[in-house]
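Below: one structure, written as structure tokens.
What follows draws every value from the coordinates through simple rules; no lab data is involved. Source: prediction; values computed, not measured. Note that each Cβ is placed from the backbone with ideal geometry, even for glycine, and that neighbours are counted across all protein chains shown.
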Amino acid sequence: MLSVDVTKQLGEFRLEAAFESDSRVTGLFGASGAGKSSIINMIAGLSKPDRGTIVIGGETMDDTTQKLHVPPHRRRIGYVFQDARLFPHRNVGQNLDYGRRMNRLPPDVTHLRRILDLLDIGHLQTRRPGQLSGGERQRVALGRALLSKPRLLLLDEPLGSLDQDRKAEILPYLERLRDEENIPMVHVSHDPDETRRLAGHVVMLKRGRIVAQGGPEILPL
Amino acid sequence: MFDITPEEWTAIELSLRVAVVATLVSTPIGIAVAWLLARRDFWGKALLDALIHLPLVLPPVVTGYLLLLSFGRKGPIGGFLDHYLGIVFAFRWTGAALACGVMSFPLLVRPMRLSIEAIDRRLEQAAGTLGAAPWQVFLTVTLPLALPGILAGMILGFAKALGEFGATITFVSNIPGETQTISSAIYSLIQTPEGDMPALRLVIISAVMAIAALVASEFFARRALRRVHGL
């Protein structure tokens, strides 16, 4: 269960959003500048709401009335950025292992094997990020986030930097992830088809406000 | 030509020791200062920046004299260190290392600061979301990505420390075996009759050392840059 009720002033732009979702994939949908990334960054703890609360799985992450703000590294969330953000000075295997080491989790070979297979990235482990294609980079970023064993996975336009063919290559992986891994996800996109394929609950944003929410049927065709 | 006398060996060995110690002690301080200047806004930041660059613009003899006033045995800092910790800088090789460290500090900090400023902070954010606490982010992302600049700063500082003359001779004088570095040995030699040949020998040696430092820095910088670009 994810519950968000926040306001934040960013210059001229005012964001006011409240929603709850129990869905496996919550889709934040809207044009660029609608406030989707601001919301996802607040869920991650990378920015603070001016007012409001954020609760993930029953645990309060932000509550401005109590001055509570859990920093990102203690939230146990996985974040896949549009631009992957793999560590350039580490190879793929080390990138994948980073979250486990930082969270001091014991090695888990079965979990590792499963994620490597799920994303088809086992053969890339000794490569360096600069030697990967855009699609491979995004799959590694997904794997890196999953291997830190998050309780919530945030996907910020994960296909945004890819061309049509690459998008078609990655989408099935995201669907498998949704169906085979038991991790709730928040998926940000401006592409109605992508949101339709993935999300169970859609939150539609426009200029900092929620204009509609419900099942995927509310999405424009 | 290349019969290096024991005195000259002593000066070479001392120069190296002074420059190595000055660089190694300055490096962690330099990284901390570079990080502060690159990443933090605080009261007095412009002042700190100016203070660091002071040795670059002051006449070295002034810096040396200021060191003598503050770190001499009777100076406020020198007196304290001598009395409570038994550390003496005046007229010791450690004083030469201090003078070299202060004089080379602006050159050491600058590349470090630039390389920290150039790091993509979004990578640090990504590390945070993966569970890394701020100090872990610093050690596993910031520091390794700044490595080319850190190495460049160390080599530049080392080269400067190796050749420092004005502040060193003012602060700790020119005592053979204790504070006489290559530079001050050359200075003494060219003041003595028949000193030309030995002086020339030391000039060649110091040139070779400086060029070796530059070649080494180029090599390490290239390697580190490849790493940072993920190749």
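For chain B, evaluate the Debye formula with one uniform point scatterer on each Cα (no solvent term) and list log10 I(q)/I(0) at q = 0.09, 0.13 Å⁻¹, rounded to two decimals.
One equal scatterer on each Cα of chain B leads to -0.45, -0.85.
Can you give the longest run of chain A that contains no trypsin sites (Lys or Arg not before Pro) sitting in a DSSP loop with at most 14 other Cβ atoms inside 10 Å? Kindly include the intermediate steps, with their values, before the conclusion.
Values: sites that count: A:67, A:104, A:151, A:207.
Here the longest segment lacking exposed loop sites spans A:1-66.
Output the 0 to 90 degree angle, nearest 10, between the alpha-carbon long axis of helix A:109-119 and the longest principal axis computed from the alpha carbons of chain A.
70
Could you give the alpha-carbon Rg of the protein assembly as shown over 2.2 N^0.38 Å, rounded to two decimals? Numbers along the way, then the final one.
Details: Rg = 29.4 Å, N = 452, 2.2 N^0.38 = 22.5 Å.
Cα Rg divided by the expected 2.2 N^0.38 Å: 1.31.
Could you tell me which residue out of A:25, A:82, A:96 lies farthest along the dipole of the stretch A:5-108 toward its positive end? Charges go on the beta carbon: Lys and Arg +1, Asp and Glu -1, centred on the Cα centre.
Checked the options; the winner is A:96.
Tell me what the protein assembly as shown gives for mean residue ellipticity at 222 nm when only DSSP H runs of n ≥ 4 count, each as -39,500 (n - 2.57), the sum divided by the residue total, rounded to 500 deg cm²/dmol.
Values: 17 runs with 242 residues, N = 452.
Helices in the protein assembly as shown give a 222 nm mean residue ellipticity of -17500 deg cm²/dmol.
For chain A, list log₁₀ I(q)/I(0) at each q in 0.13 Å⁻¹, using the Debye formula over Cα point scatterers of equal strength and ignoring solvent, two decimals each.
At q = 0.13 Å⁻¹ the computed log10 ratios are -0.74.
In bins 10 Å wide, starting from 0, what share of all Cα pairs of the stretch A:33-117 does each bin hold, as a percent?
In order of increasing distance, the bins hold 14, 38, 31, 16, 1 percent.
Pull up the cross-link candidates among the lysines for residue A:67, meaning alpha carbon to alpha carbon under 27 Å and not fewer than 8 places away within one chain.
Output for residue A:67: A:8, A:36, A:48.
Can you give the charge dipole size of the stretch B:173-231 about its Cα centre, rounded to the nearest 20 debye, using +1 on the beta carbon of Lys and Arg and -1 on the beta carbon of Asp and Glu?
Values: 5 positive and 4 negative charges, 127 e Å.
Here the stretch B:173-231 has a charge dipole of around 600 debye.
Under a Cβ-only charge scheme (Lys and Arg +1, Asp and Glu -1), can you give me the dipole magnitude of the protein assembly as shown about the Cα centre, in debye to the nearest 20?
Working: 50 positive and 43 negative charges, 139 e Å.
It comes to approximately 660 debye.
Take every DSSP beta bridge with both residues inside the stretch A:2-218 and express the antiparallel ones as a percent of the total, to the nearest 5.
On the way: 26 of 44 bridges.
Antiparallel: roughly 60 percent of the beta bridges in the stretch A:2-218.
Where nothing but the Cβ of Lys and Arg (+1) and of Asp and Glu (-1) is charged, how large is the charge dipole of the stretch A:2-218 around its Cα centre, in debye to the nearest 20? All intermediate terms of the calculation are to be shown ahead of the outcome.
On the way: 33 positive and 28 negative charges, 170 e Å.
Charge dipole, the stretch A:2-218, about its Cα centre: 820 debye, nearest 20.
Which residue, B:151, B:177, B:34, has the largest displacement toward the positive end of the dipole of the stretch B:6-228 when charges sit on each Cβ (Lys, Arg +1; Asp, Glu -1)?
B:34
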